[in-house]
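The values are calculated or read from the model by the stated rules, or taken from the named source; none is laboratory data. What you see is a predicted model; the values in this text were computed from it and never measured. In this analysis, Cβ positions are derived from the backbone assuming ideal geometry, glycine residues included, and neighbour counts consider all displayed protein chains.
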Amino acid sequence: MREYNTDQAHALLKEYFGYDEFRPGQEEIISAVVNGNNTLGIMPTGGGKSMCYQIPALMMDGLTIVVSPLISLMKDQVDSLKEMGIPAGMINSSLEGDDFFETIRDARNLKYKLLYIAPERLENPAFMEMLQTMPIDLVAIDEAHCMSQWGHDFRPSYLELGNVIPQITTNPTVVALTATATPKVALDIKNNLGIPANNEVKTGFARDNLSFKVIKGVQPRDYIINYLRSHEKESGIIYAATRSEVDRIAVFLQKLGIKAKPYHAQHTAEERQEAQDDFTFDRVQVIVATNAFGMGIDKSNVRFVIHAQTPGSIEAYYQEAGRAGRDGLESEAILLYRDADIGLRRTWIDASEANEAHRTREYDKLEWMRRYANTEDCLQQFIVRYFGGDCEPCGKCSNCLDERDSEDITIEAQKVLSCVVRLNQRFGKKIVAQVLKGSSTQRILEMNLDEVTTYGIMKAWTLKEIENLIDYLAASQYLMTQSGQFPTLLLTQKGLAVLKGQEKVTRKVDRIVEKEVEVDNELFERLRELRLEIARDQNTAPFIIFSDKALKDMCEKLPTTD
Ligand code: ADP
Ligand code: MG
Ligand code: ZN
């Protein structure tokens with residue numbers, strides 16, 4: 001029997017799929033399978049179940065049979081495997097005559113690593129005989145909940161797999177995969193396929209020891225230096241999007257006496273190794289890095305990961321942020337969010353040479369980062385739901401800890417939503433905001449908006465405020481951004497309910513100061529009468545305090561105790 005080798009598995013992951021690290025649960029499943037243990041893997045949708053048989057298929061000598069319920073799913077997977085240079089074939093009802101026999105012959109001669117088949121096939125005795133001539137090492141059963149009546153998609157032919165697979169004379173290992181996590185379904189699958197009770201790998205996505213924070217409206221460098229000064233004894237990683245930004249931040253920190261080292265792909269392998277070692281052995285406090293930093297770091301006591309710039313997807317963010325707290329101790333994952341960073345990444349995608357479908361996916365993933373930064377939901381929950389799981393609010397992310405009051409903003413939301421509708425859902429955030437503001441830019445004037453009753457109905461707002469509101473409405477799923485190069489705003493069902501007055505919208509607001517305070521003389525005078533003053537500091541909106549004199553007066557009136 002062959003033995004699992006982690007370096008080989010990582011190399012294959014990188015070479016064929018371009019990923020640096022396994023997702024939660026993947027490696028555990030893959031190693032069990034390669035070592036010949038029948039295994040059930042339960043992972044949320046999007047968790048990366050396919051990898052759990054694709055990597056073993058590449059590591060094992062013989063053929064991997066993949067049982068998959070839908071022809072369309074099969075075809076997608078086979079096509080993308082071929083694109084990556086992994087030979088794969090499929091047998092389903094869409095294959096006829098010669099093609100069918102040719103595929104069988106190719107499978108027999110190991111011209112494929114993976115052969116996808118529909119479950120019905122295995123009920124056919126003639127087909128089973130053909131299978132007996134193939135060097136099968138692994139049978140993977142995707143969407144394995146289909147064999148349980150307790151699942152949501154029962155298929156009788158899946159149930160038959162339990163009888164059919166043991167007849168395969170090469171005695172292949174079996175791996176079953178599903179996103180359905182109920183114990184009844186798991187038990188059915190294991191009983192049916194002869195998987196030992198304990199050979200189950202189940203992953204949720206929540207990282208209980210991480211506190212997520214989204215911080216907006218700060219200068220990243222100011223924030224970082226303040227943070228480091230109050231966390232002097234702790235190690236962490238600071239991620240930036242570009243090599244030049246990495247260098248700038250590193251130099252900035254070094255000048256201020258922080259032990260920091262930069263890390264990116266332009267450094268030599270030796271320099272990178274040295275930086276990594278310095279970090280691992282606590283000779284430097286922080287590594288400032290691009291996403292090149294990650295592969296193979298196993299420092300467990302990383303206390304914080306700060307993203308000075310927004311990564312391109314929730315997947316990337318979670319993976320990078322997840323490098324904090326591997327030892328299980330409380331750690332922080334902080335995103336310093338700026339809209340401009342999303343804009344920067346959009347231009348990279350615009351300029352990339354990837355095909356249209358790929359770029360659309362990238363734009364879409366990026367929009368999810370915008371939603372993450374603008375949601376008022378628990379950040380941990382937001383991420384877990386993104387990956388198809390669920391969890392309770394964490395109670396310690398920046399949203400869970402946000403104590404500001406919620407205000408009813410239904411009217412404002414209706415203004416925005418109706419403007420989107422009036423513009424026939426053909427425009428993106430910038431244009432919609434300009435129309436609401438009543439801007440008279442060339443583009444807007446050319447649009448001939450005389451008929452559009454929403455033109456200028458939010459005159460009193462700044463463009464930035466309107467755009468922020470739109471981001472919030474999109475993050476809260478009242479609006480949807482269509483993926484693609486031009487993120488057109490569309491109304492969702494939820495948004496429609498708001499327009500019809502069936503649903504209310506709330507938003508957290510700063511308690512004292514709602515907007516940029518315009519300190520006119522009248523306000524100033526009134527505050528003085530009340531013996532109040534407006535205070536400002538760099539990182540917060542202006543707030544109101546008692547004047548020194550008022551405080552002194554009050555203190556004098558306090559009873560003395562001695
Ligand atoms: P599932 O079947 O569990 O719903 P998939 O196998 O379709 O999920 O994978 C979902 C996405 O995750 C795919 O785009 C896949 O390429 C990606 N993915 C899988 N494993 C990894 C990994 N280790 N790192 C990054 N992305 C991954
Ligand atoms: Mg799948
Ligand atoms: Zn939370």
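Any idea which of Ala324, Ala308, Ala241 is in contact (Cβ under 8 Å) with a residue 60 or more places away in the chain, surrounded by 19 or more Cβ atoms within 10 Å (Cβ to Cβ), within 16 Å of ligand 3 (Cβ to nearest atom) and not acidic (Asp, Glu)? Break it down into steps so the answer makes sense when it comes.
Values: Ala308 fails: within 16 Å of ligand 3 (Cβ to nearest atom); Ala241 fails: within 16 Å of ligand 3 (Cβ to nearest atom).
Of the residues listed, the single one that is in contact (Cβ under 8 Å) with a residue 60 or more places away in the chain, surrounded by 19 or more Cβ atoms within 10 Å (Cβ to Cβ), within 16 Å of ligand 3 (Cβ to nearest atom) and not acidic (Asp, Glu) is Ala324.
It is to be established whether one or more residues within the range 31-46 are within 14 Å of ligand 1 (Cβ to nearest atom), buried (at least 20 other Cβ atoms within 10 Å of the Cβ) and assigned to a loop (DSSP other than H, G, I, E, B).
Yes: one or more hits.
Quick one: what pairs do we get from the range 377-388, first residue over 20 Å from Ser406 (Cα atoms), second more than 14 Å from ligand 1 (Cβ to nearest atom), C-beta under 6 Å, 6+ apart or different chains?
Going by the 6 Å Cβ cut-off, the qualifying pairs are Gln380/Ala206; Gln380/Phe212; Gln380/Cys394; Gln380/Cys397; Val384/Ala206; Val384/Cys391.
Could you run through the range 333-364 and say how many residues are more than 14 Å from Ala241 (Cβ to Cβ), outside any helix (DSSP H, G or I) and within 17 Å of the chain's Cα centre (by Cα)?
Looking only at that region, the number is 2.
Take the residues in the range 413-427 that are free of Cβ contacts under 8 Å to residues at least 60 places away in the same chain and not hydrophobic (A, V, I, L, M, F, W, C), then tell me which one is surrounded by the fewest Cβ atoms within 10 Å (Cβ to Cβ).
Asn424
Select from the range 362-404 the residues that are basic (Lys, Arg) and either more than 16 Å from ligand 1 (Cβ to nearest atom) or under 26 Å from Thr347 (Cα atoms) (or both) and write down the one among them that is surrounded by the fewest Cβ atoms within 10 Å (Cβ to Cβ). Even if it seems obvious, please write down each step before you answer.
Applying the first criterion (basic (Lys, Arg)) to the range 362-404 yields 365, 370-371, 385, 396, 404.
From what is left, the residues that are either more than 16 Å from ligand 1 (Cβ to nearest atom) or under 26 Å from Thr347 (Cα atoms) (or both) are 365, 370-371, 396, 404.
Details: Lys365: 19, Arg370: 20, Arg371: 19, Lys396: 19, Arg404: 11.
Across the range 362-404, the extreme among qualifying residues is Arg404.
Could you check Leu122 against (1) in contact with a Pro (Cβ under 9 Å, 6 or more places away or on another chain); (2) closer than 20 Å to Ser94 by Cβ and say which number it fails?
If we test Leu122 against (1) in contact with a Pro (Cβ under 9 Å, 6 or more places away or on another chain); (2) closer than 20 Å to Ser94 by Cβ, just (1) comes out false.
Under 8 Å between Cβ atoms, which residue pairs at least 6 apart in sequence (or on different chains) link something in the range 94-120 that is free of Cβ contacts under 8 Å to residues at least 12 places away in the same chain with a partner that is of a type outside the set (D, E, K, R)?
These pairs meet every condition: Leu95/Thr103; Phe100/Ile91.
Which one is modelled with the lowest pLDDT among residues in the range 167-214 that are under 16 Å from Pro24 (Cα atoms), more than 16 Å from ligand 1 (Cβ to nearest atom) and of a type in the set (A, V, I, L, M, F, W, C)?
The qualifying residue modelled with the lowest pLDDT is Ala206.
Looking only at the range 319-354, how many residues end up being hydroxyl-bearing (Ser, Thr, Tyr) and under 19 Å from Gly395 (Cβ atoms)?
First, the residues of the range 319-354 that are hydroxyl-bearing (Ser, Thr, Tyr): 331, 337, 347, 352.
Adding the requirement that they be under 19 Å from Gly395 (Cβ atoms) leaves 331.
Final tally of qualifying residues: 1.
Between Met59, Met130, Met74, which is at pLDDT below 95, in contact with a helix residue (DSSP H, G or I) (Cβ under 7 Å, 6 or more places away or on another chain) and away from ligand 3 (no atom under 16 Å from the Cβ)?
Numbers: Met59 fails: at pLDDT below 95; Met74 fails: in contact with a helix residue (DSSP H, G or I) (Cβ under 7 Å, 6 or more places away or on another chain).
From the options Met59, Met130, Met74, the qualifying one is Met130.
Would the range 143-150 turn up any residue that is closer than 29 Å to Tyr318 by Cα, within 16 Å of ligand 2 (Cβ to nearest atom), among the hydrophobic types (A, V, I, L, M, F, W, C) and surrounded by 20 or more Cβ atoms within 10 Å (Cβ to Cβ)? Break it down stepwise before answering.
Going residue by residue through the range 143-150, those that are closer than 29 Å to Tyr318 by Cα are 143-145.
Subsequent filtering for residues that are within 16 Å of ligand 2 (Cβ to nearest atom) retains 143-145.
Cutting the leftovers down to among the hydrophobic types (A, V, I, L, M, F, W, C) gives us 144.
Among the residues that remain, those that are also surrounded by 20 or more Cβ atoms within 10 Å (Cβ to Cβ) are: 144.
Within the range 143-150, one or more residues are closer than 29 Å to Tyr318 by Cα, within 16 Å of ligand 2 (Cβ to nearest atom), among the hydrophobic types (A, V, I, L, M, F, W, C) and surrounded by 20 or more Cβ atoms within 10 Å (Cβ to Cβ).
Across the range 204-218, what is the number of residues that are in a loop (DSSP other than H, G, I, E, B) and touching a strand residue (DSSP E or B) at 6+ places or on another chain (Cβ under 7 Å)? Walk me through it before giving the result.
Initial filter on the range 204-218 (in a loop (DSSP other than H, G, I, E, B)): 204-209, 217-218.
Applying the additional criterion that residues be touching a strand residue (DSSP E or B) at 6+ places or on another chain (Cβ under 7 Å) yields 209, 218.
Residues flagged as in a loop (DSSP other than H, G, I, E, B) and touching a strand residue (DSSP E or B) at 6+ places or on another chain (Cβ under 7 Å) within the range 204-218 amount to 2.
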